[in-house]
Amino acid sequence: LSQPARKQEYRAQPPSLEIRDYLDGDLRQEMIRDARQGLSGGSKSLPPKYFYDELGSCLFEDICETPEYYPTRVEMGILKKYAASIMDFFGDEESDLVELGSGSNRKVRTLLDAVDPDLLELIRYVPLEISQSALRQSALELIRDYQGLRVLGLMADFTRHLDALPRGRKLITFLGGSIGNFSSAQAVQLLSAVAEVMGPRDRFILGLDMVKPVDVLERAYNDAAGVTERFNLNILANINRELNGDLDPSDFEHLAFFNRDEEQIEMHLKAVRPVQGRIRDLDLELRMKPGQTIHTEISRKFTEDSASKEFDQAGLKPLRWMRDQQGWFSLVELAKV
Ligand code: AVI
């Protein structure tokens, strides 16, 4: 007898892995809305989440390996140093380890490595990730390598689906400094939504990239091998493929600089000649003059003060700051107020 496709998919999964899908195919509609809104007016922009198609996710992994992009390495050093004390959270009580925007599984491995293997049974790892392939692949690798670990994968968008998180006791992590890719208002909204799903005993580990000398910052987003440039330009390929466009990436160049007033890196695609493109599914003609830009990303850099203001507004309180020696990156442990 034939079973419904979805049920079969669950049956085929090993017993320690469950994946739930909250995306229900609405990503394309969202991209249509975002691209129309961002590309129609005079000042043009695209949300950075459209960097991360399959190639873009690989390019991001490559950025993390470039000598100039310090955040991944520095955060990893902090994680290693504090992993055991972070994982003390689990004690001998069954709880969830949630990772928002989990991507590949390198960081969570550092945390799991700090746990006594006999206690792994107490932990359920709950990655929440928008990319199905990354979610499945990394979940399978983890249950292969960490005996006793259970995984509940949530295929979801953390800006919309935080209520999909389990209600039990949990340690939530949001690493990599990705909170900096949101405006202050958006970040407060996201942090408030996290606070909303936290109980009084839950904890939240948040990665923050800190303000530092401008040359270090600008080099990190202008690596010599040109990986960040390819990553930035790839957003056009994604739009072309998904929305039937004919934008020519060679009409644009990568531009990334630190805006001191806003304390943020800004990435743009700058037209190097007159642009005349068409995005058929939007029924949109894109015309740009040389020098005009499409703003593709902000990456805000924090001080303890600027971050604490946002925690305050979101109903979160910092319990401890974990930093590297130079103070380039921080992991903050937060509780609900
Ligand atoms: C994912 N996010 C924290 C990265 C950042 O540094 O803002 C994305 C990135 N953009 C260019 N390089 C890396």
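Kindly indicate whether any position in the stretch 36-49 is within 16 Å of the ligand (Cβ to nearest atom), touching a residue at least 60 places away in the same chain (Cβ under 8 Å) and part of a helix (DSSP H, G or I).
Step one: of the stretch 36-49, the residues within 16 Å of the ligand (Cβ to nearest atom) are 45-49.
With the extra rule that they be touching a residue at least 60 places away in the same chain (Cβ under 8 Å), the set shrinks to 45-46, 48-49.
Filter once more, keeping what is part of a helix (DSSP H, G or I): 48-49.
Scanning the stretch 36-49 turns up at least one residue that is within 16 Å of the ligand (Cβ to nearest atom), touching a residue at least 60 places away in the same chain (Cβ under 8 Å) and part of a helix (DSSP H, G or I).
In the stretch 142-164, is there at least one residue being within 16 Å of the ligand (Cβ to nearest atom), charged (D, E, K, R) and out of contact with any Ser or Thr (no Cβ under 6 Å at 6 or more places or on another chain)? Spell out the reasoning first.
Filtering the stretch 142-164 for residues within 16 Å of the ligand (Cβ to nearest atom) gives 157-159.
From what's left, charged (D, E, K, R): 157.
Retained after the next criterion (residues that are out of contact with any Ser or Thr (no Cβ under 6 Å at 6 or more places or on another chain)): 157.
Taking every residue of the stretch 142-164 in turn, at least one turns out to be within 16 Å of the ligand (Cβ to nearest atom), charged (D, E, K, R) and out of contact with any Ser or Thr (no Cβ under 6 Å at 6 or more places or on another chain).
Output the qualifying pairs, or none if there are none: Cβ atoms under 6 angstrom, residues six or more apart or on different chains, first residue in the stretch 228-243 and open to solvent by 30 Å² or more (accessible area, probe 1.4 Å), second residue within 16 Å of the ligand (Cβ to nearest atom).
Hits for this filter: GLU229/HIS254; ARG230/LEU59.
Under 7 Å between Cβ atoms, at least 6 apart or on separate chains: pull out the pairs that start in the stretch 59-72 with a residue that is free of Cβ contacts under 8 Å to residues at least 12 places away in the same chain and within 10 Å of the ligand (Cβ to nearest atom) and end on any residue that is in a helix (DSSP H, G or I) and open to solvent by less than 20 Å² (accessible area, probe 1.4 Å).
CYS64/THR72
For the stretch 147-222, which fully contained strands (runs of 3 or more DSSP E) count at least 1 residues that are open to solvent by 40 Å² or more (accessible area, probe 1.4 Å)? Steps first, answer last, please.
On the way: elements: 150-155, 170-174, 203-209.
In the stretch 147-222, 150-155, 203-209 are the strands (runs of 3 or more DSSP E) which contain 1 or more residues that are open to solvent by 40 Å² or more (accessible area, probe 1.4 Å).
I need the full set of residues from the stretch 74-99 which are in contact with a helix residue (DSSP H, G or I) (Cβ under 8 Å, 6 or more places away or on another chain) and surrounded by 15 or more Cβ atoms within 10 Å (Cβ to Cβ), in order please.
GLU75, MET76, LEU79, ALA83, ILE86, MET87, PHE90, SER95, LEU97, GLU99
In this structure, is PHE257 assigned to a helix (DSSP H, G or I) and touching an Asp or Glu at 6+ places or on another chain (Cβ under 9 Å)?
On the way: assigned to a helix (DSSP H, G or I): no; touching an Asp or Glu at 6+ places or on another chain (Cβ under 9 Å): yes.
When the stated conditions are applied, PHE257 does not pass them.
Quick check on this structure: which one of ALA237, ALA335 is more than 26 Å from ILE179 (Cβ to Cβ) and in contact with an Asp or Glu (Cβ under 9 Å, 6 or more places away or on another chain)? If you could, list the steps in order and put the result at the bottom.
Working: ALA335 fails: more than 26 Å from ILE179 (Cβ to Cβ).
That would be ALA237, the only listed residue that is more than 26 Å from ILE179 (Cβ to Cβ) and in contact with an Asp or Glu (Cβ under 9 Å, 6 or more places away or on another chain).
Condition first: within 16 Å of the ligand (Cβ to nearest atom) and open to solvent by 40 Å² or more (accessible area, probe 1.4 Å). Now tell me which residues in the stretch 244-259 satisfy that. Step through it out loud before you land on a result.
Pass one, the stretch 244-259, residues within 16 Å of the ligand (Cβ to nearest atom): 252-259.
Matches in the stretch 244-259: GLU253, LEU255, PHE257.
Does the stretch 211-219 include one or more residues that are within 30 Å of TYR125 (Cβ to Cβ) and in contact with a Phe, Trp or Tyr (Cβ under 7 Å, 6 or more places away or on another chain)? Give the derivation first.
First, pick out the residues of the stretch 211-219 that are within 30 Å of TYR125 (Cβ to Cβ): none.
The answer is no, given that none of the residues of the stretch 211-219 is within 30 Å of TYR125 (Cβ to Cβ) and in contact with a Phe, Trp or Tyr (Cβ under 7 Å, 6 or more places away or on another chain).
Given the criterion closer than 29 Å to ALA185 by Cα and either out of contact with any helix residue (DSSP H, G or I) (no Cβ under 7 Å at 6 or more places or on another chain) or touching a residue at least 60 places away in the same chain (Cβ under 8 Å) (or both), identify the matching residue among ARG278, ARG323, ARG287. Don't jump to the end; show me each part of the working.
On the way: ARG278 fails: closer than 29 Å to ALA185 by Cα; ARG287 fails: closer than 29 Å to ALA185 by Cα.
Just one listed residue meets the conditions, ARG323.
Show me the strands (runs of 3 or more DSSP E) found entirely inside the stretch 266-331 where at least 2 residues are of a type in the set (A, V, I, L, M, F, W, C) and more than 16 Å from the ligand (Cβ to nearest atom). Break it down stepwise before answering.
Numbers: elements: 275-279, 284-288, 293-300, 316-323.
Result: 275-279, 284-288, 316-323.
Which residues, counting only those in the stretch 68-104, are of a type in the set (S, T, N, Q) and either in contact with a Leu (Cβ under 8 Å, 6 or more places away or on another chain) or assigned to a helix (DSSP H, G or I) (or both)?
As a first pass, look at the stretch 68-104 and keep what is of a type in the set (S, T, N, Q): 72, 85, 95, 102, 104.
If the condition is that a residue be of a type in the set (S, T, N, Q) and either in contact with a Leu (Cβ under 8 Å, 6 or more places away or on another chain) or assigned to a helix (DSSP H, G or I) (or both), then THR72, SER85, SER95, SER102 are the ones that fit.
The values are calculated or read from the model by the stated rules, or taken from the named source; none is laboratory data. The shown structure was predicted, so the numbers you read here are calculated from the model rather than taken from an experiment. No Cβ is skipped: glycine too gets one built from the backbone with ideal geometry, and neighbour counts run over all protein chains shown. Note: accessible area is taken over every heavy atom of the protein model, side chains too, but ligands, DNA and RNA are not part of it. Shrake-Rupley method; radii C 1.70, N 1.55, O 1.52, S 1.80 Å.
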